[in-house]
Amino acid sequence: MRIIGRLLVGLTISMFFAWVTPIAPAEAQSWPQRTVKFILPLGPGAALDSGARLFAHRLAAIWGKPVVVENRPGGDGIVAISAFVNAHDDHVLLFSSSAVFMAHPYLHDNLPYDRRDLVPIARISDTIVGVGVPEALKINSMAELIAMARAQPGKLNSASITGMLDFTVSGFLKSAKLDIGRVPYRDAAQAINDLAEGRIQIFLSAISVLRPQVQNGRVKIIALTNRQRSNLAPGIPTVTEAGFPELTFDGLVGIFGTRDMPIDLRERIAADVRTAAADPGIRELLDATGQALNPGSAAEMTASMEDQRVRAIAIGKLLGLKPTQ
């Protein structure tokens with residue numbers, strides 16, 4: 001009886017460890033077993049969309065399965081994020097800028113998702129963001145712009161499009177005690193047109209949005225919000241170099257999975273993303289969309305996002321806002 005009892009105990013323990021031991025390595029090796037989907041929070045034609053399609057094409061060749069891009073714009077990115085989270089499918093990934101959702105806890109009372117649902121898998125690129133002003137304003141630097149704003153309180157207006165970049169601008173205006181109007185826009189297209197016409201005087205946006213009007217001679221980029229200068233905008237200083245580091249913002253783009261995705265699978269996808277990023281032509285193609293290739297691991301992506309989250313917390317306190325999560 002004692003022998004039988006010991007056998008039963010041993011069998012029970014073995015069954016327990018078989019249940020809790022992840023089978024992720026095998027799953028990672030066999031993934032994907034079908035079409036992979038990238039869900040995007042922006043519509044076709046956006047720089048994010050172009051980048052997603054570039055990587056979808058290259059990853060499809062690596063994975064041997066189709067990779068499709070599904071655009072789900074609207075709802076301040078919540079439509080896309082909800083679709084991603086509710087899919088409960090490791091073949092459905094979110095391809096997004098962290099700027100889309102980083103300020104969500106301060107902008108929405110009831111979020112339909114938990115921020116822990118968005119687990120970084122790989123960093124892809126940095127969107128290069130510029131401070132645009134009308135050429136007719138005859139402003140050549142951030143210092144001149146701020147001086148004009150102080151000399152003419154309430155006379156200048158800045159475009160406002162919901163997101164972490166806009167949240168950063170609001171914090172900056174508050175800390176600098178600047179009286180600059182905020183004009184809400186639903187999309188960048190109308191904002192850049194109004195900037196070119198001088199109906200608004202300031203618009204912080206991806207240089208891919210600003211570039212056509214810059215080339216037309218109607219808009220000037222006076223600074224970049226990114227931490228480092230970019231060869232995509234040669235000669236233009238960063239806001240930190242200009243003396244306004246509070247406006248620093250990197251348009252961090254990456255791929256996200258759900259929190260129940262095995263770590264081995266996340267690492268496998270990240271490794272394949274690095275392989276795709278090594279394609280000699282992809283940097284040039286991304287440059288054309290105003291994005292600087294900056295591939296990185298899940299840990300690097302997480303660290304960059306944590307920096308943004310800490311800044312969001314500080315801005316929220318400055319603006320008197322409490323996070324919902």
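The values are calculated or read from the model by the stated rules, or taken from the named source; none is laboratory data. Bear in mind the structure is a predicted one, so any value in this text is a computation, not a measurement. Cβ: placed from backbone, ideal geometry, glycine included. Neighbour counts: every protein chain shown.
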Going through the range 163-182 in order, the residues found to be over 20 Å from the mean Cα position of the chain (by Cα) and among the polar types (S, T, N, Q) are Ser175
Of the residues in the range 231-265 that are of a type in the set (Val, Ile, Thr) and within 29 Å of Ala28 (Cα to Cα), the one that is surrounded by the fewest Cβ atoms within 10 Å (Cβ to Cβ) is Ile263
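What tally of residues in the range 303-325 results from selecting those that are of a type in the set (Val, Ile, Thr) and either crowded, with 16+ Cβ neighbours inside 10 Å or not assigned by TED's automatic domain parsing to the domain that holds Gly254 (or both)? Can you show your working first?
Of all residues in the range 303-325, those of a type in the set (Val, Ile, Thr) come to 310, 313, 315, 324.
So of that shortlist, the ones also either crowded, with 16+ Cβ neighbours inside 10 Å or not assigned by TED's automatic domain parsing to the domain that holds Gly254 (or both) come out as 315, 324.
Adding up the residues that qualify gives 2.
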Filtering the range 246-268 for residues that are within 27 Å of Asn226 (Cα to Cα) and assigned to a helix (DSSP H, G or I) leaves a count of 2
A careful count of residues in the range 55-96 that are in a helix (DSSP H, G or I), surrounded by 18 or more Cβ atoms within 10 Å (Cβ to Cβ) and small (Gly, Ala, Ser) gives 3
Subset of the range 224-272, residues on the phi > 0 side of the Ramachandran plot and either at pLDDT 95 or above or not assigned by TED's automatic domain parsing to the domain that holds Ile202 (or both), comes to Gly243
Within the range 277-325, residues being under 18 Å from the mean Cα position of the chain (by Cα), polar (S, T, N, Q) and farther than 21 Å from Arg229 by Cβ number 2
The number of residues in the range 191-227 that are over 20 Å from Ser125 (Cβ atoms), in a loop (DSSP other than H, G, I, E, B) and in contact with a helix residue (DSSP H, G or I) (Cβ under 7 Å, 6 or more places away or on another chain) is 5
Log entry, pairs with first residue in the range 266-291 being of a type in the set (D, E, K, R) and buried (at least 21 other Cβ atoms within 10 Å of the Cβ), second being assigned to a helix (DSSP H, G or I) and at pLDDT 90 or above, beta carbons closer than 7 Å, six or more apart or on different chains, reads Arg266/Ala298
